[in-house]
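Peer 1: Please find one structure pasted underneath; my questions will follow.
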Amino acid sequence: MTGLTFVTAEEVRRRVRPDDARRLVERALRDGFDPAADPARSSVPAGTGHLLLMPSVLGCWAGVKVASVAPGNPARGLPRIQATYLLLDADTLTPRLLIDGSALTELRTPATSAVAADHLAAPDARRLVVFGAGPQAVEHAVAMAAVRDLDDVALVGRDPARRSAAVEDLAARGLPARAGSRDDVGDADLVVCATSAGTPLFDGALVRDGACVVAIGSHEPDRRELDAGLMGRSRVVVEDRATAMRECGDVVLAVEEGVLNPDALVPLTDVVRGGRRATDRPNVFKGSGMSWQDLAVAVGVAELGADPGRD
């Protein structure tokens, strides 16, 4: 491990652009990786939050992310989630890179959502509503704009100052962003939920048939962003059925309430490898964030960073 290179967040973003991350995640699925084979995320209580351990293996690479989740950090001006990633070659398990894990998370989560949305949203989707005003909300808007030609991006957030900052950030990146409200859901082609909420963010009856809803805000079984009504009438896509039933409150609670059959959950691999979007009901993608996604993007950090033609 002598001289092990640390890749900073700035360098991660230079090496792997948002749409690169989407292609890396989709490549892993198209190349035959089965998310059901990924080890379960380990969670250990620590201090005022918990630690997450997330190992995975993809081909000739292995890696593990150690993340901390401290719910009280935003009030202290600190990130709620912080992380470090160790990338190893799978042959000798020799460490190759130490990577800023928070930057990986910011890339891989919207990348996975964009993979799903690219297959589940209408080809002519134009109107996006994003719940949240943090880094994931902003990066999800950018990721969705890479797969659809958006002409309206409405941000819905509890904190007016954070929402305004997020709108300005997106506008500076060339996206037609504005402050929005829950009522915008009724006209939306795409809805992204990227919040820390524990209860539904809007009335699911507002979502039109054929629209796509992405929910990624929680990986806890007792918290949800989407109501049972929406989950019960939608085609629900998940990364992996077992993971969803273990970690995704939107799914777990809907199943417990008797409105969703776990056997009806559609694995993301089925969608990527030829599944069709529903037009007679909403399409919901519930993501929990899995270890293989971090590794897929970390491999890109190593491989794209070695490309001498990369600017």
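Bear in mind these aren't lab numbers, they're just calculated from the coordinates by the rules spelled out. Quantities reported herein were computed from a predicted structural model and do not represent experimental measurements. Neighbour counts run over all protein chains shown; Cβ positions are idealised from the backbone, glycine included.
Peer 1: Explain nothing, just the number: dipole magnitude of the chain about its Cα centre with +1 on each Lys and Arg Cβ and -1 on each Asp and Glu Cβ, in debye rounded to the nearest 20.
Peer 2: Its charge dipole is roughly 240 debye.
Peer 1: What list of ³J(HN,Hα) values in whole Hz, one per residue of the range 31-46 in order, does the Karplus curve 6.51 cos²θ - 1.76 cosθ + 1.60 (θ = phi - 60°) give from phi, with Gly and Pro shown as x?
Peer 2: Rounded to whole hertz, the list is 7, x, 5, 10, x, 5, 7, 6, x, 5, 5, 9, 10, 10, x, 8.
Peer 1: Picking from Glu168, Glu139, Glu257, which is most flexible by a Gaussian network model of the chain using Cα springs under 10 Å?
Peer 2: Evaluated over the chain, the most mobile residue of the options is Glu257.
Peer 1: While we're looking at this one, here's another question. List the residues whose amide H sits under 5 Å from the amide H of Val7, counting only those 5 or more places along or on another chain, with H placed 1.01 Å from N in the peptide plane.
Peer 2: Amide H neighbours of Val7, under 5 Å, 5+ apart: Leu98, Ile99, Asp100.
Peer 1: By how many degrees, between 0 and 90 and to the nearest 10, does the Cα long axis of helix 135-147 differ from the longest principal axis of the chain?
Peer 2: Tilt of helix 135-147: around 80 degrees.
Peer 1: May I pose another question? Treating the angle as unsigned and between 0 and 90°, give the value, to the nearest 10°, between the Cα long axis of helix 160-172 and the longest Cα principal axis of the chain.
Peer 2: It is inclined by approximately 70 degrees.
Peer 1: Would you pull out the residues with amide H under 5 Å of Val213's amide H, same chain only if 5 or more places away, H placed 1.01 Å from N?
Peer 2: Under 5 Å from the amide H of Val213 lie the amide H atoms of Val191, Asn283, Val284, Phe285, each far enough along the sequence or on another chain.
Peer 1: Quick check on the exposure proxy: order Arg178, Arg148, Arg108, Arg23 from fewest to most C-beta atoms within 10 angstrom. Before the final figure, lay out the partial values.
Peer 2: Numbers: Arg178 14, Arg148 21, Arg108 27, Arg23 17.
Going from sparsest to densest Cβ surroundings: Arg178, Arg23, Arg148, Arg108.
Peer 1: From the phi of every residue in the range 181-190, what ³J(HN,Hα) in whole Hz does the Karplus formula 6.51 cos²θ - 1.76 cosθ + 1.60 yield, where θ is phi - 60° and glycine or proline is x?
Peer 2: Ordered by residue, 3J(HN,Hα) equals 9, 4, 4, 5, 4, x, 9, 7, 8, 9 Hz.
Peer 1: Of all beta bridges DSSP finds with both residues in the range 1-102, what is the antiparallel percent, to the nearest 5?
Peer 2: Details: 28 of 31 bridges.
Roughly 90 percent of the DSSP beta bridges within the range 1-102 come out antiparallel.
Peer 1: Which order results if Phe6, Phe202, Phe285 are arranged by neighbouring Cβ count within 10 Å, fewest first? Walk me through the intermediate numbers first.
Peer 2: Numbers: Phe6 10, Phe202 23, Phe285 27.
Final ranking by Cβ density, sparse to dense: Phe6, Phe202, Phe285.
Peer 1: Taking the Cα atoms only, what angle lies between the long axis of helix 101-120 and the longest principal axis of the chain, rounded to 10 degrees?
Peer 2: The angle comes out near 40 degrees.
Peer 1: For the range 1-152, rounded, prolate or oblate, judged on the Cα gyration tensor with a ≥ b ≥ c (square roots of eigenvalues), a/c < 1.5 rounded, else prolate if a/b > b/c?
Peer 2: Working: a/c = 1.80, a/b = 1.25, b/c = 1.44.
Because a/c hits 1.5 or more and a/b fails to exceed b/c, the range 1-152 counts as oblate.
Peer 1: Something else: Could you work out the mean projected area of the convex hull around the alpha carbons of the chain, in square nanometres to one decimal?
Peer 2: Numbers: hull surface 63.3 nm².
Orientation-averaged projected area of the Cα hull: 15.8 nm².
Peer 1: Taking neighbour Cβ counts within 10 Å as the exposure measure, how do Met54, Met245 sort from fewest upward? Intermediate values should be presented prior to the final figure.
Peer 2: Values: Met54 26, Met245 15.
If I rank by nearby Cβ atoms, fewest first, I get Met245, Met54.
Peer 1: If you don't mind, there's one more thing I want to ask. So what's the back-of-envelope 222 nm ellipticity for the chain, counting only DSSP H runs of four-plus at -39500 (n - 2.57) apiece and dividing by all residues, rounded to 500?
Peer 2: Values: 10 runs with 107 residues, N = 311.
It comes out at -10500 deg cm²/dmol, rounded to the nearest 500.
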